[in-house]
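Everything below concerns the one structure shown next.
The values are calculated or read from the model by the stated rules, or taken from the named source; none is laboratory data. In this text, all values refer to a predicted model and were calculated from it rather than measured experimentally. So basically every Cβ, Gly included, is an ideal-geometry build from the backbone, and we count neighbours across all protein chains shown. Note: areas computed on protein heavy atoms with side chains; ligands, DNA, RNA excluded. Shrake-Rupley method; radii C 1.70, N 1.55, O 1.52, S 1.80 Å.
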Amino acid sequence: VQLQAFGGGSVQPGDSLRLSCIASGGTVRALDMGWFRQAAGKEREFVAAMRRGLGSIYIGDSVRGRFAMSRDNRKNMVFLQMNSLKPEDAAVYYCASKSRDDISAYESDSYEIWGQGTEVTVSS
C-alpha cells in the first residue's frame, strides 16, 4: 500500500481546509486509516481515525467538533475536513494505514504505512 496526502496550505484562523489521502495498492475500505499531525518541535499527535468496513470514526480531543474524517470507497480516498482552524493546528499532517484491527487506532506506532505529509499553516 502507498499513501499520498495532499491539500495542505496556508490559511487564516477560522478558515477551513480539506486534506485528501489517496491509496494505491490497497483498499481504504479494508484498512484502518488514520490522520496524525506533527508540529515543529512536538511529538506526532493523533487527529482522527476510521475503522475498516463500516467505518467507525474516532476524533482526537484537540480537534473534536471542528475536524471530521470521511472516506470515498469508489475513489479509494480518505479525507480530513478541518474547520475553524486555529494557529495551534499548524503542523505537517500525515495519513496512515494499519492492517491489524486489534491494536489501538490512537497510537502512531500501530500504523505501518505512512504518506509523505502535507503542511498546514495557520496564521493571520
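Values computed for the structure shown
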item: Selection count, the range 1-30, where residues are over 15 Å from the mean Cα position of the chain (by Cα), closer than 17 Å to MET50 by Cα and open to solvent by less than 30 Å² (accessible area, probe 1.4 Å); result: 1
item: Filter result for SER84 (surrounded by fewer than 16 Cβ atoms within 10 Å (Cβ to Cβ), within 24 Å of VAL11 (Cβ to Cβ) and not β-branched (Val, Ile, Thr)); result: yes
item: The lone exception for ILE113 - which of (1) of a type in the set (Val, Ile, Thr); (2) over 15 Å from PHE6 (Cβ atoms); (3) open to solvent by less than 40 Å² (accessible area, probe 1.4 Å) it fails; result: (3)
item: In the range 92-124, residue farthest from the chain's Cα centre (by Cα) [restricted to those that are in a strand (DSSP E or B) and among the hydrophobic types (A, V, I, L, M, F, W, C)]; result: VAL122
